[in-house]
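Worksheet: one structure, shown below.
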Amino acid sequence: MGKTTTIKFHDGHEMPQLGFGIWQVPQEIAGEAVKSAIETGYRMIDGAYLYMNEPGLGEGVKAASVPREDLFITTKVWNTDHGRDKARASVERSLKNIGVDQLDLVLIHWPVPSQDKYVETWKAFIEMRDEGMMRSIGVSNFNKDHLERIIAETGEVPVLNQIEVNPELQQPDMRAFHAEHDIVTQAWTPLGNARSFEADPIVNAAKRTGKSPAQVIIRWHLQLGNAVIPRSVKPHRQAENLDVFDFTLTDAEIEAITTLDVGLRTGPDPSVFKMM
Ligand code: NDP
């Protein structure tokens, strides 16, 4: 699994704890970015149909000198593809776009409660997983009530919920709920748009360890037990963001970073977001 620790899902499968996100990576350069990330040591790539770069993801996977079975590929089903038939068509399209026979993980990108189709979509995910189109199924941007509902109505617990987590939005309640239900918390926008790069707790930990603010924040995620998917199109930053396994933050440093939580999102609120 490359240079990172792994996380075990409740369904028995494993995923690299630190992966590579590709939101906003243009299709024209996605192949090169993914290839470079894999050659740097990343083994987990976080994609989505919405990102319009699934073909590039597939090109990068094929161009890199690492066998497919050693890589972990995630994609997501977008808001306009909720419902049984559309969700299936979306996963079929992603398999074709990326050029693989099976995905490692597929997520419902947002619950979009206003259209009230996420339970039906989750049922379709269970069927597709059972047929082997993907090995594991999870969700993204689900609040507690959305999680409780799909679990109550299907008995199937997502292996993972990908939500926004960074020093200014630490989501302690969601993380505790996930821990209670054996759901992995995967942090999106883990660097928080660099908003806390100059905050004392980050700067002090960076000085003591000789690491960069980004490395301190990624290390903080790992020590909290989060899976984390930083993105950079720059090979030197891809390497920097992966070079976080040779130091440890102290309990006092983790505690100090906790004080940066102001509950401020960089992205939308999942209870109302319905962009189509
Ligand atoms: P990140 O928190 O990973 O930050 C990416 C930005 O930080 C880029 O501008 C990058 O610039 C810069 N950066 C990366 N590394 C460093 C570094 N070491 N030092 C300084 N700057 C750095 O943001 P994302 O929003 O991309 O989130 C990560 C991934 O999460 C996404 O790519 C996507 O896969 C997923 N995501 C999922 C969402 C969901 O709804 N499920 C929503 C949003 C994101 P540069 O490229 O120039 O290096």
Quiz item: If you find the alpha carbon centre of region 35-52 and of region 231-276, how far apart are they in angstrom?
Solution: 18
Quiz item: Rounded to two decimals, what ratio of Rg to Rh does region 109-200 give with C-alpha atoms and a Kirkwood Rh?
Solution: 1.04
Self-check item: Shape parameters for region 30-183, alpha-carbon atoms, Rg then Dmax in Å
Solution: 15.6, 44
Quiz prompt | 3J(HN,Hα) from dihedral phi, region 181-189, Karplus parametrisation 6.51/-1.76/1.60, rounded to Hz, x for glycine, proline | solution = 9, 6, 10, 6, 8, 10, 8, 9, 6
Quiz prompt | Relative intensity, log₁₀ I(q)/I(0), of region 86-138 from a Debye sum that treats every alpha carbon as a point, q = 0.17, 0.28, 0.29 Å⁻¹ | solution = -0.49, -1.16, -1.21
Practice problem: Please list the non-local residues whose amide H lies under 5 Å from the amide H of G83, H modeled 1.01 Å from N, same-chain partners needing a gap of 5 or more. | Solution: T121
Practice problem: Please express the Cα-Cα pair-distance distribution P(r) of the chain as a list of whole percents, one per 10 Å bin, running from 0 to the bin with the greatest distance. | Solution: 7, 31, 37, 21, 4, 0
Practice problem: For D269, put the label point 7 Å out on the Cα→Cβ axis and report which residues of region 173-200 keep their amide N under 12 Å from it. | Solution: none
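Please compute the net charge surrounding K86, taking Lys and Arg as +1 and Asp and Glu as -1 over other residues with Cβ under 11 Å from its Cβ. Provide the component values of the computation, followed by the final result.
Numbers: positive: R84, R88, R93, K117; negative: D81, D85, E92, E120.
Residues close to K86 contribute a combined charge of 0.
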Quiz item: Which whole-number percent is the relative contact order of the chain (Cα, under 8 Å, 6+ apart)?
Solution: 19
Quiz prompt | Long-range HN-HN contacts of L160 with modeled amide H, under 5 Å | solution = V139, V184
Quiz prompt | region 29-35 - phi-based ³J(HN,Hα) in whole Hz, Karplus 6.51/-1.76/1.60, Gly and Pro as x | solution = 10, 5, x, 5, 5, 5, 4
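Quick one: Cα convex hull volume of region 1-58, Å³ per residue? Walk me through the numbers on the way to the answer.
Numbers: hull volume 4.7 nm³, N = 58.
Roughly 82 Å³ of hull volume per residue.
What does the extension gain come out to for D70 and D261, with contour length at 0.36 nm per residue minus their alpha carbon separation?
Working: separation 191, 0.36 × 191 = 68.76 nm, distance 3.58 nm.
That works out to 65.2 nm of additional length.
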Self-check item: Mean separation of Cα contacts under 8 Å, 6 or more apart, over the residue count of region 1-157: relative contact order %
Solution: 18
Quiz prompt | Helix 84-98 vs. the chain, principal-axis angle (Cα, 0 to 90°, nearest 10) | solution = 60
Quiz item: Please report, for the Cα atoms of region 105-263, the Rg to one decimal and the Dmax as a whole number; what are they, in angstrom?
Solution: 17.3, 51
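Of the listed pairs K35/K123; K96/K117; K3/K234, which have alpha-carbon separations greater than 29 Å here?
On the way: K35/K123 34 Å; K96/K117 25 Å; K3/K234 18 Å.
K35/K123, as the Cα separations exceed 29 Å there.
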Quiz item: At E127 and T154, where each label point lies 7 Å from the Cα along Cα→Cβ, what is the point-to-point distance in nanometres?
Solution: 1.1
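With a ≥ b ≥ c the root eigenvalues of the C-alpha gyration tensor of region 183-261, is it rounded (a/c under 1.5), prolate (a/b larger than b/c) or oblate? Mind dumping the intermediate values first?
Working: a/c = 1.41, a/b = 1.15, b/c = 1.22.
Rounded, because the longest to shortest axis ratio a/c is under 1.5.
We did not get these values from a lab; they are worked out from the coordinates using the rules stated. Since this is a predicted model, take the numbers as computed values, not measurements. Cβ sites come from the backbone with ideal geometry, for glycine too, and all protein chains shown count toward neighbours.
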